[in-house]
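J.: Below is the structure I would like to discuss, written out as structure tokens.
The values are calculated or read from the model by the stated rules, or taken from the named source; none is laboratory data. All of these numbers come straight from a predicted model, not from anything done at the bench. Note that we place each Cβ from the backbone using ideal geometry, even for glycine, and neighbour counts take in every protein chain shown. We work out accessible area using only protein heavy atoms, side chains counted, and drop any ligands, DNA or RNA first. Shrake-Rupley method; radii C 1.70, N 1.55, O 1.52, S 1.80 Å.
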Amino acid sequence: MRKISGVASLAVLAVATVGVQTGGSQAAAPPARPGPVAALLQHPGAALASAGTAFTVTDRITDPSGATHVRMQRTYDGLPVLGGDLVVHQGASGAYRGVSQTLDRAVRVSTTPAVTRAAAARVPARQARSARLVVDATSGTPRLAWEVLTGGFQHDGTPSRLATYVDARTGAVIRREQQIETVDGSGQTLYSGTVPLSVTKSGATYQLKNDGVRGNTYTTDMNNKSDSYACQLLGINCSTGTLITSSTTTFGNGTTSNRASAGADAQYGSNETWDFYKQTFNRDGIFGNGAGSYNRVHYGSKYVNAFWDGTKMTYGDGDGTNYGPLVSLDVAGHEMSHGVTENTAGLTYSGESGGLNEATSDIFGTMVEFFAANPNDPGDYLIGEEFDLKKHVGFRRMDNPASDGSSLNCWTSSAGNVDVHYSSGIGNHFFYLLSEGSGAKTLNGVSYNSPTCNGSTVTGIGRDAAARIWYRALTVYMTSSTNYAGARTATLNAAKDLYGQGSTQYNAVAAAWSAVGVG
């Protein structure tokens, strides 16, 4: 990563682009293509760069045209600015085209706290594991804050890594953010039948591990153990589980009597998700750099959930009565997509941005299911229907999210106060309408009937076009604090890039957002 800071950097960059003449006959060097930081600092109004501001380049996307979109993190006097991330857009020649960000004012705060670290650490009910100073600008007004991390478990047994943001001047709690991201609710697999798997031979046994492909992703058995506090908070002393092995090249027997069956599902799901991102968006894995992660199955006892913790996917076995092991294709795609979001827009896991984070995982988990085209688990707009042993409808549905009694179909001003798994319904509903349109239809044997919040009729553009728009919006225009209004702008910009302003796709994006009460 490259860090360039403040006003002084502008002077250095300006000197670097001026040709130096050493003799009267020597021509000046051609002007260099301005870098993204230089382009940004040449537009100080857009940069919102007060004295003490620094930028770190974290990612770069280059379009076929040569245009670039460079993602940056912001610091102020060396402190991270949460909600201060941005994307700088440049044309092929380096011409500045604008910036995407949610910050609306320059950061100018005292970085000397009135509340001590020790006092801030006492604010959460649980014992604090760490505390650091940050500038919290997620709500729009930058404030010096203590980010206090506590561990423990959530109500359903999911590990907890809770960040409490304490105002460093007053000691008041600004907000809380749960940093463990969950789903609410040839291998012989539980849900996808017999599937091809890349395995690794080791001596006389075979490992459930990709051999030189897909980042060498592998799957382990947690033997129904849970994570320690140190693992949840600090990522140390974590149990990786036991690598699943077999005496033959076949893993599992298609039932829960063989512990490798769930492992085969998880491995297959991560393979299909990797291939979906690679073949659809040319993205090389979760991190975009070819590095792999790993799956842990049989986590906890009767644990009815799954989660992504920043490095790996973890799956519970369900309670055995209402829910089976949570290793279906759409959930595997959902969890890995949390990793993609974390490594692109970095949507904060609270408020409206948290709902968008969850919706993104539901959207791409659904797309993975369609991409796999597995006859044992055909694509649908239901989330987790395979392990729903009684109702077979899963945790959520995208055509009419509110049918579960908790999720939101339509945006309201209180959407940011709703649990992120339920506020995700707004984004899920938008994506379904954009893909399939409103009204009744049957697809792969599943009946849908999607209403609109404004009584309009929406005509879909197909899920492939809708997914392309959402992915470009996520990776090029959204930032950590993007809300639903910002998502409307981001997807319209993406549709304009891909299909043209005023195109059928562009107009459909606008219509679908209006149909869920956004814009």
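J.: Per the 1.4 Å probe, what fraction of the accessible area of the stretch 282-357, in percent, lies on carbon and sulfur atoms? Could the numbers behind the result be given before it?
T.: Numbers: 700 of 1680 Å².
It is 42 percent, rounded to a whole number.
J.: Accessible area, 1.4 Å probe, largest first: how do C231, C453 sort? Spell out each step's value before the answer.
T.: On the way: C231 5, C453 55 Å².
The ranking, largest first, comes out as C453, C231.
J.: Now, a different point. Extending each Cα 7 Å along its Cβ direction at A402 and T242, get the distance between those two points in nm, one decimal.
T.: Spacing of the two 7 Å Cα→Cβ label points: 5.0 nm.
J.: With a 1.4 Å probe and every protein chain kept in, tell me what percent of the accessible surface of the stretch 43-140 is carbon plus sulfur.
T.: Carbon plus sulfur share of accessible area: 51 percent.
J.: List nothing, just return the count: lysine pairs in the chain, 8 or more apart or interchain, with Cα separation under 21 Å.
T.: Pairs that pass both the separation and distance tests number 10.
J.: Would you please state which residues of the stretch 244-283 a label at A204 would reach in this model, taking the label point 7 Å out along Cα→Cβ and a backbone N cut-off of under 18 Å?
T.: Only 245-250 fall inside the zone, counting backbone N under 18 Å.
J.: Helix-only mean residue ellipticity at 222 nm, the chain, DSSP H runs n ≥ 4 weighted -39,500 (n - 2.57), per residue, nearest 500. What is it?
T.: Details: 12 runs with 145 residues, N = 519.
Per the formula, -8500 deg cm²/dmol.
J.: Can I ask one more? Taking R0 as 35 Å, what FRET efficiency do you get between V446 and S503 from their Cβ-Cβ distance, rounded to the nearest 0.05?
T.: Values: r = 29 Å, r/R0 = 0.84.
So the FRET efficiency works out to roughly 0.75.
J.: Per residue, what accessible area does the stretch 51-164 have, given a 1.4 Å probe and all protein chains present, in Å²? Display every interim value, and only then the final one.
T.: Details: 4780 Å² over 114 residues.
For the stretch 51-164, the solvent-accessible area averages 42 Å² per residue.
J.: Can you report the principal axis dimensions of the stretch 26-138 using only the alpha carbons, biggest first, rounded to whole angstrom?
T.: The principal-axis extents, from largest down, are 64, 30, 26 Å.
J.: Run the accessible area of the stretch 378-519 with a 1.4 Å probe and give the carbon-and-sulfur part as a rounded percent. Present the calculation step by step, with values, prior to reporting the outcome.
T.: Details: 2400 of 5220 Å².
Exposed carbon and sulfur together represent 46 percent of the surface.
J.: Quick one: if you stick a label point 7 Å off each Cα along the C-beta vector at A95 and D284, how many nm between them?
T.: It works out to 3.2 nm between the two label points.
J.: Using the heavy atoms of the protein chains and a 1.4 angstrom probe, tell me the accessible area per residue for the stretch 353-496 in square angstrom. Numbers along the way, then the final one.
T.: Working: 4730 Å² over 144 residues.
Accessible surface, normalised per residue, equals 33 Å².
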